[in-house]
Structure formats: C-alpha cells, structure tokens
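All remarks here apply to the structure that follows.
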Amino acid sequence: MAKKRKPGLSDLLRVPDDRPVDLSAYDARATTGGPRDKRAALADIARTGERLADLQERLWAASTAGDRRRVLLVLQGMDTSGKGGTVKHVIGQFNPSGCRIKAFKAPTPRERKHSFLWRIRRELPHPGELGIFDRSHYEDVLIARVRELAPPAELGRRYDQINDFEESLADDGVTLIKCFLHISYEEQRRRLLERLDRPDKHWKFNVGDIDERELWPAYQEAYELALHRCSSPQAPWYLIPADRKWYRNWAVGRLLLEHLQALDPRYPKADFDVAEARERLLKGA
C-alpha cells in the first residue's frame, strides 16, 4: 500500500473552493502548521532562505535553456497586514536580479483608459523570474466593490475575467501563489497607533486609513467573495494568519519553498564539450 502523503502547508492554508468563505471563522493569530514560537520560526526562516536561493537560481538557469516556467506571488490584505514587510523579509532572501517586484497603487489616467488587467499584464514575471505583486488585479473587485467604483454587473464580469486570466497564466507556465494576509480589526488598530506613536513611522501613516477602517465589514465581505469566486485548482488562495509577523513571514516563505520544490527546476546541461574546454584552459588558452 502506498504511503499516505503528509499534508504540507499548502494543504493547511488553502482556502476551500467548494463553499463560501467566512473570515470570522479564521483566527488571525493562529500559527497553523508552524514552529512552536518566534525563535524557532526565525531559525527555520534562516535555513529555508538557503534552499529558496538555490531553487531560485536553478529556475533562472533553466530559463536560459528555454524553460518558460516562472512564479508569481500575489500579496493581498487590509492596510497594515504586512504586504511590504513580507516583501522585505521573505523576498530579501532571493537574488534581486531574478525578482520582479511591483506595488500597485491607484490606476493612473493612462491605465484607466485600458482594461483593468492591462497594467497587470505589463508587470508579469518573465521566464525564470520570481514576480511579487504588492496588491494586484484583485483591487478591481475589492476597493472597486466597497467604494462602488464600478456597477455590479461590471464587477460580476471581472471575477470571470480574473479566472480566465489566471487560467491562461497557468497554461503558460506561471505558478500562482495567492496569499491573503488575514489581520484582525484589533491588530490593525494597534499597528496604526504604533505609526502615530513613532515619528519614524509617520511617513507610513495615511489619515485615509481611518476612513477605510470604518468600512471594515464591507471589505471583509468583498474579500470573502473574491476568495470564494476566484479560488481554483490552477490558482488557489492561501489564507495567512497575519497578526503574528513572524508566522506570516515564515508561512509565505514555506509556501514559496513548497511550490519551488514541486517545480524542481534543473540546471541545464552544457551545450559545449566540457572536457575540451578544460583541456584548453589547462594548456594556457
């Protein structure tokens, strides 16, 4: 009898795609599948970093021989959930030459003239690259829904467009890792107050964040709908409890490791005679 595979973190954090999502049922301080404490997590992150760097180099090397595969990490979450912090602590372990990082802001006048996916397509990772989106095309079914920036019929079409878009990416060799950083209402208040209490954090504070907090229930509903409508076998959502920063960073790093290991990129074989090249060098060429 074949040995049953032990569930990985991808299995534990994956959002079910067969039923509606209720975010109130998820503990934002949970440490699902994680180390016993912060100290153990930081030690594991350091060990994981070496393996991630090796796999990234192999993915980049494979692309030089025609391998079109690449990885796209999508980070979504409420303000202060740690999208930027995740980029800093997790992606900082990679070689920046093989990464493509994009933080999406409000659309520019030029971008508004195009389909909402137009600016997303322009920032997709190239073969061999690791792409990271700080916010993404999901803003167009999140803030657009909460702020009523598009009519309901248009929003309904966007979910289908997103699913078709992500399916086409998977068919083209893109491994999508979509992470929703789940922060609690109370933890967001604490982090916003910290930004006010520390002068070196004032630049990160936006008074508009207080207005957005007043719309918290509407945003939770918008996220629940997006997680349910746009989670598929090719592009599942992963819910990352984000109240504990150390766990958030550990979990995203572990998800990246599991997906890169599954890809198992290989260094390409030499397209020249290795022995002949060595002989020429030894002869003083």
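The values are calculated or read from the model by the stated rules, or taken from the named source; none is laboratory data. The shown structure was predicted, so the numbers you read here are calculated from the model rather than taken from an experiment. A quick note on method: Cβ atoms are made from the backbone with ideal geometry, for glycine too, and the neighbour counts reach across all protein chains shown. Heavy atoms of the whole protein, side chains included, go into the accessibility calculation; ligands, DNA and RNA do not. Shrake-Rupley method; radii C 1.70, N 1.55, O 1.52, S 1.80 Å.
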Just one listed residue, out of LEU52, LEU73, LEU23, is at pLDDT 95 or above and within 18 Å of the chain's Cα centre (by Cα), and it is LEU73
Checked ASP17, ASP27, ASP44 against criteria (touching a strand residue (DSSP E or B) at 6+ places or on another chain (Cβ under 9 Å), under 18 Å from TRP246 (Cα atoms), of a type outside the set (A, V, I, L, M, F, W, C) and open to solvent by 20 Å² or more (accessible area, probe 1.4 Å)); the one match is ASP27
Evaluate the following for TYR185: is it open to solvent by 30 Å² or more (accessible area, probe 1.4 Å) and of a type in the set (Phe, Trp, Tyr)?
yes
Can you pull out the residues in region 70-120 that are over 29 Å from ALA46 (Cα atoms), among the charged types (D, E, K, R) and surrounded by 15 or more Cβ atoms within 10 Å (Cβ to Cβ)?
GLU111, ARG119
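To keep it simple, each residue is scored yes or no on (1) loosely packed, with under 14 Cβ neighbours inside 10 Å; (2) not in a helix (DSSP H, G or I).
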position	(1), (2)
VAL21	no, yes
ARG58	no, no
ALA62	no, no
ARG68	yes, yes
So which residues in region 64-85 are closer than 17 Å to TYR219 by Cα, in contact with a strand residue (DSSP E or B) (Cβ under 7 Å, 6 or more places away or on another chain) and not charged (D, E, K, R)?
LEU75, GLN76, GLY77, SER81, GLY82
Within region 169-187, is there a residue that is assigned to a helix (DSSP H, G or I), within 19 Å of GLY82 (Cβ to Cβ) and of a type outside the set (Phe, Trp, Tyr)?
yes
What are the pairs with Cβ atoms under 7 angstrom where one residue, in region 7-18, is at negative phi and touching a residue at least 12 places away in the same chain (Cβ under 8 Å) and the other, located anywhere, is surrounded by 17 or more Cβ atoms within 10 Å (Cβ to Cβ) and among the small types (Gly, Ala, Ser)? Sequence gap at least six, or different chains.
LEU9/ALA251; LEU13/ALA251; VAL15/SER231; ASP17/SER231
Any residue in region 235-243 that is open to solvent by less than 30 Å² (accessible area, probe 1.4 Å), acidic (Asp, Glu) and modelled with pLDDT of 95 or more?
yes
